[in-house]
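Presented below is the structure to which this report refers.
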Amino acid sequence: MNALQVEINPRLTIGGDLTVNRLGFGAMHLTGPGMWGDPLDPQAAIGVLRRAVELGVNFIDTADSYGPGNNERIIRRALHPYPDDLVICTKGGLLRSGPKDWIHGEGAPYIMPLGRPEYLRQQVEMSLRNLGLECIGLYQLHSIDPAVPLADQMGELVRLQEQGKIRHIGLSGQPGVTIDELIRARAHANVVAIENLYNIADRADEDTLRHAEEHDIAFIPWFPLGHGGLVGPDNVLAPIARQYGATASQLALSWLLHHSPATVLIPGTTSIEHLEQNMRAIDIELSESDMADIDVAVNRAKPPVWRPER
Ligand SMILES: NC(=O)c1ccc[n+]([C@@H]2O[C@H](COP(=O)([O-])OP(=O)(O)OC[C@H]3O[C@@H](n4cnc5c(N)ncnc54)[C@H](OP(=O)(O)O)[C@@H]3O)[C@@H](O)[C@H]2O)c1
């Protein structure tokens, strides 16, 4: 092995007791168009989830708002009774109003945080029912509600944790949780994971990633493939990837694995072929100089980025 090889641990332990493979799966796309309703082909969605688990995925990201509810239910249909080591991470506290509601100007009018304790409790109960679980491994507040005291939002999650309905608490945001929000939230609860928009082309939350790493908090980058903008044979990343015997998606995922030991990846796909390709990202070895060369090449190539306003 090259002396400057960046060694990656294929697993990460979240919250001291949930050891997961760092190449997980994001299930959001296994819903209907605009992340609304049932997937158009439920059997295909079930097939993708089962293949993911066969390939070693034991961390699956979902949310009550994907569907709403349908995404959690398709996971249950595909995988229940669950393998002992499977960690399902779901989220609550975000209202939907229709398909594509997070795409400005194209869809329904809004997504909106709702962090009232009574609502969070209801949503945890609904997720437990939809997923067929007695305890959710990692439950994330999907988006902090600025209209509700943070102590109330986190406090309810802590009560749910004390009641055994949630194992661990995480925080997510659009586009992400700030360091300040994380510090304030941790005054009320043991936050063991955060989920922010982050990928090889969009590192606006680099400081937050490093803060998470320093404090032993798992960092789950959403849009690890830029919501599809970083993948495919014609992508500007593809020629860079080829130099490392990789596809664009494998390069984007491998880079995230090498860039920080705190990341757990949740690439999403509706295709078994893409899933199998993405899972092979774990086999790509990159040295420190490869990582530096990739940074230069990516900066030059300027892949497309998309992020909502904070
Ligand atoms: N916390 C939050 O607020 C938040 C927000 C957004 C998303 N998320 C989570 O993050 C996960 C990932 O986000 P995402 O799925 O939108 O984006 P992503 O993982 O960055 O990209 C997924 C897109 O890439 C395509 N793709 C995947 N592998 C490919 C491959 N090998 N070759 C070509 N195309 C490929 C998929 O299309 P195909 O289906 O055709 O493969 C899909 O359109 C979601 O599933 C969700 O769980 C969280």
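The values are calculated or read from the model by the stated rules, or taken from the named source; none is laboratory data. Being a predicted model, the structure only gives us computed values, none of them experimental. Don't worry about glycine lacking a Cβ; one is built from the backbone with ideal geometry, like all the others, and counts go over all protein chains shown.
The residue that is nearest to the ligand (Cβ to nearest atom), counting only those in segment 218-254 that are of a type in the set (V, I, T) and over 27 Å from W102 (Cα atoms), is T247. Answer yes or no as to whether I60 is within 12 Å of the ligand (Cβ to nearest atom) and touching a Lys or Arg at 6+ places or on another chain (Cβ under 7 Å). Criteria not met by I60. Test V231 against the stated conditions and say whether it is surrounded by fewer than 22 Cβ atoms within 10 Å (Cβ to Cβ) and of a type in the set (V, I, T). No, not satisfied. Could you list, in sequence order, the residues of segment 24-46 that are among the small types (G, A, S) and touching a helix residue (DSSP H, G or I) at 6+ places or on another chain (Cβ under 8 Å)? Matches in segment 24-46: A27, G32, G37, A45. Scanning segment 202-217 for residues that are buried (at least 23 other Cβ atoms within 10 Å of the Cβ) and over 27 Å from V6 (Cα atoms) turns up nothing. Exactly one residue out of Q174, Q163, Q140 is over 25 Å from H227 (Cα atoms) and out of contact with any Phe, Trp or Tyr (no Cβ under 7 Å at 6 or more places or on another chain), and it is Q163.
For segment 272-290, which positions are surrounded by 16 or more Cβ atoms within 10 Å (Cβ to Cβ), part of a helix (DSSP H, G or I) and more than 16 Å from the ligand (Cβ to nearest atom)? Matches in segment 272-290: D290 only.
Taking (1) farther than 30 Å from H258 by Cβ; (2) at pLDDT 95 or above; (3) within 14 Å of the ligand (Cβ to nearest atom) in turn, Q161 satisfies each apart from (3).
For the structure I just gave you, tell me whether I46 is of a type in the set (A, V, I, L, M, F, W, C) and either in a helix (DSSP H, G or I) or without any contact (Cβ under 8 Å) to a residue 12 or more places away in the chain (or both). Taking the combined requirement at face value, the residue satisfies it. Residues that are buried (at least 16 other Cβ atoms within 10 Å of the Cβ) and within 12 Å of the ligand (Cβ to nearest atom) were ranked within segment 35-44; the one that is modelled with the highest pLDDT is P39. Taking segment 56-65 as the range and being crowded, with 17+ Cβ neighbours inside 10 Å and either of a type in the set (D, E) or over 21 Å from Q140 (Cα atoms) (or both) as the test, the residues that pass are D61, D64. Reported count of residues in segment 146-164, each being free of Cβ contacts under 8 Å to residues at least 12 places away in the same chain and in contact with a His (Cβ under 6 Å, 6 or more places away or on another chain), is 0. Residues in segment 255-271 that are more than 6 Å from the ligand (Cβ to nearest atom) and in contact with a strand residue (DSSP E or B) (Cβ under 8 Å, 6 or more places away or on another chain): L256, L257, S260, P261, A262, T263, V264, L265. The single condition from (1) more than 17 Å from the chain's Cα centre (by Cα); (2) under 14 Å from T270 (Cβ atoms) that G16 fails is (2).
The sole residue among V305, V298, V264 that is surrounded by 22 or more Cβ atoms within 10 Å (Cβ to Cβ) and aliphatic (A, V, I, L, M) is V264.
When restricted to residues that are within 24 Å of H227 (Cβ to Cβ) and either assigned to a helix (DSSP H, G or I) or of a type in the set (S, T, N, Q) (or both), segment 143-160 contains 1.
Do the conditions hold for H215, that is, is it farther than 21 Å from A301 by Cβ, of a type outside the set (D, E) and over 17 Å from the mean Cα position of the chain (by Cα)? Judged against the criteria, H215 is a match. For segment 19-28, filtered to residues that are under 25 Å from G67 (Cβ atoms) and surrounded by 19 or more Cβ atoms within 10 Å (Cβ to Cβ), the residue that is nearest to the chain's Cα centre (by Cα) is G26. Note on segment 116-164: among residues that are in contact with a Cys (Cβ under 7 Å, 6 or more places away or on another chain) and within 22 Å of I220 (Cα to Cα), the one that is surrounded by the most Cβ atoms within 10 Å (Cβ to Cβ) is Q140.
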